[in-house]
Structure formats: C-alpha cells, structure tokens
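The values are calculated or read from the model by the stated rules, or taken from the named source; none is laboratory data. Being a predicted model, the structure only gives us computed values, none of them experimental. Neighbour counts run over all protein chains shown; Cβ positions are idealised from the backbone, glycine included.
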C-alpha cells in the first residue's frame, strides 16, 4: 500500500484550487437513475469514491463517462435497469445507499446491500428506511440486503426525521421528486450538498422548495428530464487546505472557496488567531500573530462545525497555546487519529465523545497510520508542522476524498511525496 512522506519545512505560500465536492457529487450521480435523459456534471472531483459510484451505477444499467480528464461526468440511464445493488460494490463506500431512493422512484422496487465505508461509527440505515417508508415503500432487511418495494408507486407524505441525516435527506429528495403528490420533510439536513442536489433536481424539472432550511417541500412530477449541473466546491477540502498555512505559517489562497460554505469553521479559526479573508478568487488564509490560541470545538449538523473537519482541527490545536476541548456529537469512534498524533508528541486525552488537547511547543515526525479518510489528512497536516519526517501509511483512505493532495501541497511549498507500496 502507498504511503505519504511529509517533512516539516516552514511557511507555505501560493494558491490551491479547490475541487468539486465529493459528498455532493456522490449524491448527484445517482440522480441519473431518475431520468431516461442524460445528466452531465461539471467540476467533478477525480477520486476513488467517484470511480466506485461509477462502477455501482454501471452495474445497475447506467452509463457514466469521464470527460476532460475526469472533471466532467456524462451519465445516462435510458435502457434496462438492474434493481440489485450488490454487496461487492456497495461495501466499499457508504454513499452507495443513495441509489435506494432513485431506484424506488424509477422502478418501484430495489434490493440494496447494507453499505460500507470508513469505520467511524454505526451510521444506521434506519433513518433512510423510515424516510422512504413514509413515502409508501415497504422495506425489510434480509441477508444483509434491504428489500424495498412499493404498491402503485411512491406517494407524497409528511415526514419528520429524528436526526438531520444528510444521506436520508438526499434519498428522500430524489424519491419524492417522482412521488405522486406533495411531500414535506421536516428536520431536514441543511448542508450545502443538499442545496446542490436540489438545484440539480430542479434543473431536471423537479419542484422543490425550502432546501437549505429545516423543512423541504417537494411537489412530485411525472418525469424528470436531462440537465447539466456544476458540482459545488468541496467545503471539506476547502477547510482542510485552509488549515495548512494556519499550522505551518505563511499565506495560502484557496481558489473557488466561499466563506458561507464553512462559516462556523471560519469563526473557530478566527478565535484561534487565523486570518480568513474572502477574495474575488477564493479565500486567503494566514496566521494573525504568533502562536495559535486554544479554542473549543463542538461538531454539529450544518451550519455548525463540520464533523469532517474535526480531525484536521485537532491537528492544528496540538501546538496551540493552552488547552482545547473537542466534542464529537455526530459520529462515535471518530477520535481514532488521536493515538497517532500522540506518536508525534501531541498531548491528547480522549473520554468518550470528548477529546482534551493540551498544546505542546512542537510535534515530532513519526511513522503513523491512517484509520479513516479525514484522519489520514489530519496526520499529513500535523507532519507539515512537525520536526523531521512523518510517514503516513494506509493512505488509500486519503484517495477516497482528496484529489492530488501531494501536488496541491507541493505547489505552495510543502515537502511531501508519495511512496508507492508493493
């Protein structure tokens, strides 16, 4: 397996282009199942998860072609559709469950394996099942597969989720777009990826209002048509690269970034002593003065602090002045990067969903192991600020969510390289 070697070498300077959002693109791609006409996605990220979703859609009968070096995805589903999403593909990625709603809407039945992905907690499917059941789906679990069917198609309904799940909101949106009548989803997720999916569905002819708020109303239509849609900028990649100059010093402009995508994250950076400035081209980031200050962080659904930036923020706070407390309220088991940071000289105590980080003067390079997608990049960030050399192994996690990370960081002055495994 490949490894990444990072050598701490001081301030960074330059520009980093931000790719399209992985989490948005993985929800947009299954929308092609809702129409017989082509769906074209521009600003697509070039990631292994995108290739996995392409493989899954192909197994269902859709065609997805990568154009312009993978930045454009041309998708079509005009032929016979296979309603079975097999375990061998679905197990690779959590977002595979997003084919369930579109298959039910298009065919009236589906068999979808329980999904896989990073080992960061249970992430139960019952929220998805409850949301689709409200639309009239009958779903049961047998032999590791969700067997779903409808009688006479999906029907509009009012449903309130017990938790503002992004994936369940996306499944409900796609399914309700072709349901008969009006559907209302309460306690809906408000993430930018939800708004991006709703924008795409509206371009395909869906009637959706309220996306970006806690209540979304969908008026079902008989059919959806083709469309071309640009994928929104990846706010998690954006936040990750904003942390690089915060950790190392220097000044970096993240091209395509918008503060409103990660406003709560920017507020925490400001409190820690990091300057965040919106420019015409993106977001410019630099330290204000001297050492980073300790801050407390609580992860929450959007517009709160993103759980997907918690590990990276911890890397920053390892060398902050004072003591920080991070509370993880979204996923259990999401402090698995802490023991690896300890190997680099960090001072961290983990108790359940809380991590207390006592800032140290300096981190030291070490051999560390990535445990999940966001943990892997947090260790790279820590390595940028550490004395000596850090080797991060098991970076196949990294390739699921970050496009050409070595190239982007090297371009602003980081000493980073990939070592091919056997």
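Of everything in the stretch 207-235 that is more than 18 Å from residue 34 (Cβ to Cβ) and touching a residue at least 40 places away in the same chain (Cβ under 8 Å), the residue that is surrounded by the most Cβ atoms within 10 Å (Cβ to Cβ) is 234. Note on the stretch 57-161: no enclosed helices (runs of 4 or more DSSP H) hold 2 or more residues that are without any contact (Cβ under 8 Å) to a residue 12 or more places away in the chain and within 23 Å of the chain's Cα centre (by Cα).
When residue 36 is tested against (1) under 19 Å from the mean Cα position of the chain (by Cα); (2) in a loop (DSSP other than H, G, I, E, B); (3) at pLDDT 95 or above, only condition (1) is not met.
Here's a check for you: in the stretch 252-267, which residue that is out of contact with any helix residue (DSSP H, G or I) (no Cβ under 7 Å at 6 or more places or on another chain) and over 13 Å from residue 18 (Cα atoms) is surrounded by the most Cβ atoms within 10 Å (Cβ to Cβ)? Going through the qualifying residues, I end up with 264. Every test in (1) in a loop (DSSP other than H, G, I, E, B); (2) closer than 23 Å to residue 373 by Cα is passed by residue 28 save one, and that test is (1). Taking the stretch 335-418 as the region of interest, the strands (runs of 3 or more DSSP E) fully inside it that hold 3 or more residues being within 27 Å of residue 51 (Cα to Cα) and not assigned by TED's automatic domain parsing to the domain that holds residue 53 are 389-393.
Each row is one residue, and each column tells you yes or no for (1) out of contact with any strand residue (DSSP E or B) (no Cβ under 9 Å at 6 or more places or on another chain); (2) more than 30 Å from residue 365 (Cα to Cα); (3) surrounded by fewer than 24 Cβ atoms within 10 Å (Cβ to Cβ).
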{"residue": "10", "(1), (2), (3)": "no, no, yes"}
{"residue": "16", "(1), (2), (3)": "no, no, no"}
{"residue": "28", "(1), (2), (3)": "no, yes, no"}
{"residue": "52", "(1), (2), (3)": "yes, yes, yes"}
{"residue": "58", "(1), (2), (3)": "no, yes, yes"}
{"residue": "64", "(1), (2), (3)": "no, yes, yes"}
{"residue": "73", "(1), (2), (3)": "no, yes, no"}
{"residue": "80", "(1), (2), (3)": "yes, yes, yes"}
{"residue": "91", "(1), (2), (3)": "no, yes, yes"}
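Scan the stretch 374-399 for residues that are surrounded by fewer than 23 Cβ atoms within 10 Å (Cβ to Cβ) and under 19 Å from residue 20 (Cβ atoms) and the total you get is 1.
Quick one: in the stretch 408-422, of everything that is more than 22 Å from residue 343 (Cβ to Cβ) and at pLDDT 95 or above, which residue is surrounded by the most Cβ atoms within 10 Å (Cβ to Cβ)? The selected residue is 408. If you go through the stretch 307-337 and keep only what is in contact (Cβ under 8 Å) with a residue 60 or more places away in the chain, out of contact with any strand residue (DSSP E or B) (no Cβ under 7 Å at 6 or more places or on another chain) and at negative phi, you end up with 308, 309, 311, 312, 315, 316, 319, 331, 332, 334, 336. For the stretch 236-251, the set of residues classified as touching a strand residue (DSSP E or B) at 6+ places or on another chain (Cβ under 7 Å) and buried (at least 24 other Cβ atoms within 10 Å of the Cβ) consists of 238, 241, 242, 244, 245, 246, listed by residue number. When the residues of the stretch 348-362 are filtered to those that are closer than 11 Å to residue 320 by Cα and touching a strand residue (DSSP E or B) at 6+ places or on another chain (Cβ under 8 Å), the one that is surrounded by the most Cβ atoms within 10 Å (Cβ to Cβ) is 357.
Can we say residue 298 is buried (at least 21 other Cβ atoms within 10 Å of the Cβ) and either touching a residue at least 24 places away in the same chain (Cβ under 8 Å) or within 26 Å of residue 361 (Cα to Cα) (or both)? It is false that residue 298 is buried (at least 21 other Cβ atoms within 10 Å of the Cβ) and either touching a residue at least 24 places away in the same chain (Cβ under 8 Å) or within 26 Å of residue 361 (Cα to Cα) (or both). Screening residue 72 with (1) modelled with pLDDT of 95 or more; (2) under 21 Å from residue 94 (Cβ atoms) gives one miss only, at (2).
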